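Values in this text are rule-based calculations from the coordinates and carry no lab data. Everything numeric in this text was worked out from a predicted model, so none of it was measured. Cβ atoms come from the backbone with ideal geometry, glycine included; neighbour counts cover every protein chain shown.
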Amino acid sequence: AQSVTQLDSQVPVFEEAPVELRCNYSSSVSVYLFWYVQYPNQGLQLLLKYLSGSTLVKGINGFEAEFNKSQTSFHLRKPSVHISDTAEYFCAVRKGETSGSRLTFGEGTQLTVNP
Amino acid sequence: NAGVMQNPRHLVRRRGQEARLRCSPMKGHSHVYWYRQLPEEGLKFMVYLQKENIIDESGMPKERFSAEFPKEGPSILRIQQVVRGDSAAYFCASSPGLAGGGTDTQYFGPGTRLTVL
């Protein structure tokens, strides 16, 4: 079984500041890792994913994440945030190299960007 | 290429009524997943289906909940005799499987927000 821990439930930052949203996972098998964003009253949109290869993954809207196998982490970063980045961010994991594997989500991090 | 479609977007039911939630996967996707998001919580897996088959329902409550994905038409999540604790957002995701060398990434619909009065 897999589990995901998002270490911060709320992250307030000022506009144009850098941000890091932390995610740690545990699994006894190889995994794929994902970050999704949820805007108020909307569905989840895929930001980026790590499947294999380079540990630094670039996604949409200027976000990137780094997979660290030894620390079992997959932290999300953005060098300069905008007001429009205010949303809930979910880290998720699933078994790698198989189909039909459920996603296990963290509890989410609410990012609030203030002017 | 339309995304995952869910309807209705909002559903209000009184205790004891039935709720039917529909999900049409993305074109070319044969795998459907249902997740539930309770207020102030993350998403929890409920059930995974392929056409005409339930593959994994280990996250589904044992009573009152059922799901299907018929050969023709959308996937349906059915909740009988709803209770206030069923109030939540229900999200459907679809994926293509590993056919063609893909990675089976799941894409989500906008969700159905169920309110039980």
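Per-structure values
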quantity	calculated
For the protein assembly as shown, cysteines whose Cβ has no other cysteine Cβ within reach (under 4.7 Å)	none
Average beta carbon contacts from partner chains per residue of A:42-48, 10 Å cutoff	5
Ranking of B:L114, A:L103, B:L38 by count of other Cβ atoms within 10 Å, fewest first	B:L38, B:L114, A:L103
For B:43-49, mean number of other protein chain Cβ atoms within 10 Å	4
For the protein assembly as shown, average projected area of the Cα convex hull in nm²	13.0 nm²
Trypsin sites (Lys or Arg not before Pro) restricted to segment B:44-117 and DSSP loop, no more than 12 other C-beta within 10 Å	B:K62, B:K71
Length-normalised contact order of chain B in % [C-alpha pairs under 8 Å, at least 6 apart]	36 percent
Among the listed pairs A:K69/A:K95; A:K49/B:K62; A:K49/A:K69; A:K49/B:K71, those beyond 25 Å (Cα-Cα)	A:K49/B:K62; A:K49/B:K71
Spatial separation of Cα centroids for segment A:66-113 and segment B:69-96, in angstrom	25 Å
Dipole in debye (nearest 20) - segment B:7-93, about Cα centre, beta carbon charges: Lys, Arg +1; Asp, Glu -1	340 debye
Contact order normalised by residue count of chain A, Cα under 8 Å, 6+ apart, percent	37 percent
Order of A:W35, B:W34 - criterion: other Cβ atoms within 10 Å of each residue's Cβ, fewest first	B:W34, A:W35
Within the protein assembly as shown: Cβ-based charge dipole about Cα centre, in debye rounded to nearest 20 (Lys, Arg +1; Asp, Glu -1)	740 debye
Cα convex hull of chain B, projected area averaged across orientations, nm²	7.2 nm²
Sequence of A:F14, A:F63 once ranked by neighbouring C-beta atoms within 10 Å, starting from the fewest	A:F14, A:F63
Average beta carbon contacts from partner chains per residue of B:62-71, 10 Å cutoff	0
In segment B:1-110, the GluC sites (Glu not before Pro) that fall in loop regions by DSSP, at most 14 other Cβ within 10 Å	B:E18, B:E40, B:E41, B:E52, B:E63, B:E72
